[in-house]
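Notes for the one structure printed next.
The values are calculated or read from the model by the stated rules, or taken from the named source; none is laboratory data. The structure presented is a predicted model; accordingly, all values stated were derived computationally and were not measured. Here the Cβ positions follow ideal geometry from the backbone for every residue, glycine too, while neighbour counts run over all protein chains shown. Note: accessible area is taken over every heavy atom of the protein model, side chains too, but ligands, DNA and RNA are not part of it. Shrake-Rupley method; radii C 1.70, N 1.55, O 1.52, S 1.80 Å.
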Amino acid sequence: TQVSINITPPENAFAGEVGLLRIRISDWNGAGEIVEEIPVRIGSVAGLEVGALNTWYLSDAGGYPTVWVKNTGNDVVRVNLTLDGLPDGWSTGGVNHMVIAPQQIQGIPLHLTAPSDWNKQSMLFDLNIKHPNLETHVERMQIEWSPFAFQSTPVSHAYVGEEFVVKVDGEEIRHIIN
């Protein structure tokens, strides 16, 4: 006799975790009972959410965007970041990839600097966020000049009582989370 069993793991299970499925087998009257233990590994499910304010403010020192990524999947993921549509002479710094744990939110770690001859006119370009198992997410961004811009990602997470620090053109803004 063949038996098929469908197993649904808890929603908070992470990919790669191993659990034991215990199956009790016996005759109709309970005689001859045995218990089999079968290891079950949780499969990977990809998921990604992107949030953005869509305006990337730059000062003369450049700036970081107000864009964040949340890993809604159940596996640690590495996403790659690219920019399309910037004119020659623009430069990026920071990191062009992110490693994000399940349910974690991170700010985009890219710093953008305009060339010294930029006329401070706004322009549009694309921020591409590439997940290895999903389609590339394209976030249309508008660059605007500002006398002040973020010099670190303004998106982070902290617990009550922790200090949160954001850099804005040479100054560190510190805040205790209430």
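Taking Cα centre as origin and charging only the Cβ of basic (Lys, Arg, +1) and acidic (Asp, Glu, -1) residues, the dipole magnitude of the chain rounds to 120 debye.
Kindly rank 159-170, 106-117 from highest to lowest mean number of other beta carbons found within 10 Å of each residue. Kindly include the intermediate steps, with their values, before the conclusion.
Values: 159-170: 11.8, 106-117: 17.4.
Result, highest mean first: 106-117, 159-170.
Cα-based values for the chain, radius of gyration first and Dmax second, are 24.1, 87 Å. Averaging Cα coordinates gives a centre for segment 1-72 and one for segment 119-178; these two points are 29 Å apart.
Across segment 83-97, rounded Karplus estimates of 3J(HN,Hα) from the backbone phi angles (6.51 cos²θ - 1.76 cosθ + 1.60, θ = phi - 60°) give 10, 10, x, 7, x, 4, x, 7, 10, 10, x, x, 10, 9, 8 Hz, Gly and Pro being marked x. Would you mind checking which residues have amide H under 5 Å from Gly62's amide H? H placed 1.01 Å from N; only 5 or more apart, or other chain. Those lying under 5 Å, H to H, from Gly62 are Ala114.
Using a probe of 1.4 angstrom and keeping all protein chains present, the accessible surface of segment 1-103 works out to 66 square angstrom per residue. Per atom type, segment 10-104 shows carbon and sulfur on 50% of its accessible surface, probed at 1.4 Å.
Evaluate the relative contact order of the chain (contact order divided by residue number), counting alpha-carbon pairs under 8 angstrom at least 6 apart; express in whole percent.
Values: 405 pairs, mean separation 35.6, N = 178.
It rounds to 20 percent for the chain.
Considering only His111, His97, Ser122, and ranking their Cα positions along the charge dipole of segment 30-152 that arises from unit charges at the beta-carbon of Lys, Arg, Asp and Glu, the one farthest toward the positive end is Ser122.
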